[in-house]
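Novice: One structure is given below, represented as structure tokens, and several questions about it will come after.
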Amino acid sequence: MLVNGTPTRTVWMTDGVVHMIDQPRLPHAFEVCQLQHHTQTANAISTMVVRGAGAIGATGAFGMAQAALEAPDNGFHQYIQEAANTLSNTRPTAQNLFYGIRSVLRAIESEADDTARARLAAVDAAHAVADDDAACCKAIGEHGAALIPHAANVSTHCNAGWLAFVDWGSALSPIYVAHRAGNPVHVYVDETRPRSQGARLTAWELASEGVAHSIIADNAAGHLMQRGEIDMVIVGSDRIAANGDVANKIGTYSSAVVAHRHGIPFYVAAPTTTIDPDCPTGMDIPIEERNGEEVSHTWGWSDEGSFIRVRTTPVVSPTRNPAFDVTPAELVKGIITETGIVQANPRGISSVARN
Ligand code: MRU
């Protein structure tokens, strides 16, 4: 997608250096970080410099490629295994992260007897994960755009745009394709507390692309649905279970329940790399619990022109901060994948699952 007219990806790698957009600085500053070592790349995932299922999947793959380039000839495979553990332990919910790491591990294992070839295979595999992610998201846009009525009001939660992937995004990709085809779609952007990925990132993306949108407080979505002001919901996913249950950013479940109450179609857009066939139901998906300071504090741009962090809660009040929730399959109208729209049930999921 374009940033100030320049085609830009969320994360990429050149000569063993991982480059990524520094997402906590958006929308106030556009900066790109450069990470030289796989441990720095892992840290960028856990601190959410890069976030979103597809983006951390590609980043995990690039981190593994960095590890393959760093590893000594003597002890090569032990170094690789330790790097895989480090990268896997950054965030627990998004299946794409584990898919990205495993893809590079497999490429290394296919050249297990020759470390020089294994290093090259790792780099190629990491680039393939990133390119596949971008291609899948573009295809999701083409399949999903046909679902969006003319001049529809579409609601979305969190950021499932190109910042959450390598390019295009999942939930926002159909909106971009529809908009570019002349559909004057309008998007209601849930703010998405506590980290406000909707207000900060989705709004920035939509504004950059010229898509009409309004940011709403999370608790306004039900009211707008009740008044008939939202025609459909499209969200992304971090992990899809074999039965079609869907994990996504905390608050997605509430949106799905209210949409169901009002007969509003609720779609999930995700590449098939988000499917976890080894997870029987959504209740088996590990849900990340993050630091409570994300609830008690917020950060932003002061009128004086600097980033500041402020507390909004009583110092004595404890917090809970589950980062994801599970929407049961029965509330999902369809899953928009790169191969087309499938039903959120075991048959639909197994028809497109990769492994
Ligand atoms: O905690 P985040 O910002 O990584 O969570 C991202 C989301 O929940 C997105 O909606 C999700 O990744 C689906 S789109 C990649």
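Novice: For Val189, Val32, Val315, Val123, what's the fewest-to-most ordering of other Cβ within 10 Å of each Cβ?
Specialist: Val315, Val32, Val123, Val189
Novice: While we're looking at this one, here's another question. According to a simple spin-label model (label point 7 Å from Cα along Cα-to-Cβ), what is the distance in nm between Glu70 and Asp113?
Specialist: The modelled label-to-label distance comes out at 2.9 nm.
Novice: A follow-up question, please. Looking only at trypsin sites (Lys or Arg not before Pro) in DSSP loops with at most 13 other Cβ atoms within 10 Å, what is the longest site-free stretch of the chain?
Specialist: 1-226
Novice: Find the relative contact order for segment 141-350 and round it to a whole percent, using C-alpha pairs within less than 8 Å whose residues are 6+ positions apart.
Specialist: Averaging sequence separation for qualifying contacts and normalising by length gives 21 percent for segment 141-350.
Novice: Give me the one-decimal nm value for the distance between modelled label points at Ala217 and Glu330, 7 Å along each residue's Cα-to-Cβ direction.
Specialist: Once both label points are built, they end up 3.2 nm from each other.
Novice: Got a sec? Which residues in segment 189-214 would a label at Glu229 touch, if it sits 7 Å along Cα→Cβ and we count backbone N under 14 Å?
Specialist: 189-191, 213-214
Novice: If the chain between Ile308 and Leu120 were fully stretched, how many nm would it gain, using 0.36 nm times the residue separation less the Cα-Cα distance?
Specialist: Extra length from Ile308 to Leu120 when fully extended: 63.4 nm.
Novice: Sticking with this one: Nearest-5 percent of antiparallel DSSP beta bridges in the chain?
Specialist: Around 55 percent antiparallel, to the nearest 5.
Novice: Could you tell me which of rounded, prolate or oblate describes segment 141-350, using a ≥ b ≥ c as the square roots of the eigenvalues of the alpha-carbon gyration tensor, with rounded for a/c under 1.5 and, failing that, prolate when a/b is larger than b/c and oblate otherwise?
Specialist: Verdict is oblate for segment 141-350.
Novice: Let me ask something else about it. Give the order of Trp162, Trp204 when sorted by the count of other beta carbons within 10 angstrom, beginning with the fewest.
Specialist: Trp204, Trp162
Novice: Suppose R0 equals 35 Å; then what is the FRET efficiency for Phe30 and Ala135 from their Cβ-Cβ distance, rounded to the nearest 0.05?
Specialist: The computed FRET efficiency comes out at 0.90.
Novice: Write down the percent of antiparallel bridges among all DSSP beta bridges whose residues are both part of segment 141-350, to the nearest 5.
Specialist: 45 percent
Novice: So if I place +1 on the C-beta of Lys and Arg and -1 on the C-beta of Asp and Glu, and nothing else carries charge, what would the dipole magnitude of segment 2-138 be about its Cα centre? I want it in debye, nearest 20.
Specialist: For segment 2-138, the charge dipole is close to 520 debye.
Novice: From the C-alpha gyration tensor of the chain, pull out the three semi-axes of the equivalent ellipsoid (sqrt of 5λ each), sorted largest to smallest, in whole Å.
Specialist: The equivalent ellipsoid of the chain has semi-axes of 32, 23, 20 Å.
Novice: Which whole-number percent is the relative contact order of segment 2-138 (Cα, under 8 Å, 6+ apart)?
Specialist: Once normalised by length, the contact order is 23 percent.
Novice: Between the alpha-carbon centers of segment 5-83 and segment 151-178, tell me the distance in whole angstrom.
Specialist: Taking the Cα centre of each part, segment 5-83 and segment 151-178 sit 23 Å apart.
Novice: Under a crude label model (7 Å from the Cα following the beta-carbon direction), how far is Asn89 from Ser351 in nanometres?
Specialist: It is 4.2 nm.
Novice: Can you put Ile45, Ile275 in order of Cβ neighbours within 10 angstrom, beginning with the fewest?
Specialist: Ile45, Ile275
Novice: Let me ask another. Could you give the distance between the Cα centres of segment 183-201 and segment 300-350, to the whole Å?
Specialist: About 11 Å separates the Cα centre of segment 183-201 from the one of segment 300-350.
Novice: Which of these, Thr14, Thr337, Thr252, has the largest mean-square fluctuation under a Gaussian network model of the chain (Cα springs below 10 Å)?
Specialist: Thr14
Novice: Further question: What list of ³J(HN,Hα) values in whole Hz, one per residue of segment 232-246 in order, does the Karplus curve 6.51 cos²θ - 1.76 cosθ + 1.60 (θ = phi - 60°) give from phi, with Gly and Pro shown as x?
Specialist: For segment 232-246, the Karplus-derived couplings read 7, 10, 10, 10, x, 8, 9, 7, 10, 7, 4, 8, x, 5, 10 Hz, x marking Gly and Pro.
Novice: Using +1 at the Cβ of each Lys and Arg and -1 at the Cβ of each Asp and Glu in segment 2-138, identify which of Ala68, Ala42, Ala126 lies farthest towards the dipole's positive end.
Specialist: Going by the charge dipole, the pick is Ala42.
Novice: Further question: Starting from the amide H of Ile215, placed 1.01 Å from N in the peptide plane, find each other amide H under 5 Å away whose residue is 5 or more places distant or on another chain.
Specialist: Correct list: Val189.
Readers should treat all values here as calculations from the given coordinates under stated rules, not as data from a laboratory. Quantities reported herein were computed from a predicted structural model and do not represent experimental measurements. Counting neighbours? That spans all protein chains shown, and the Cβs are built from the backbone with ideal geometry, glycine included.
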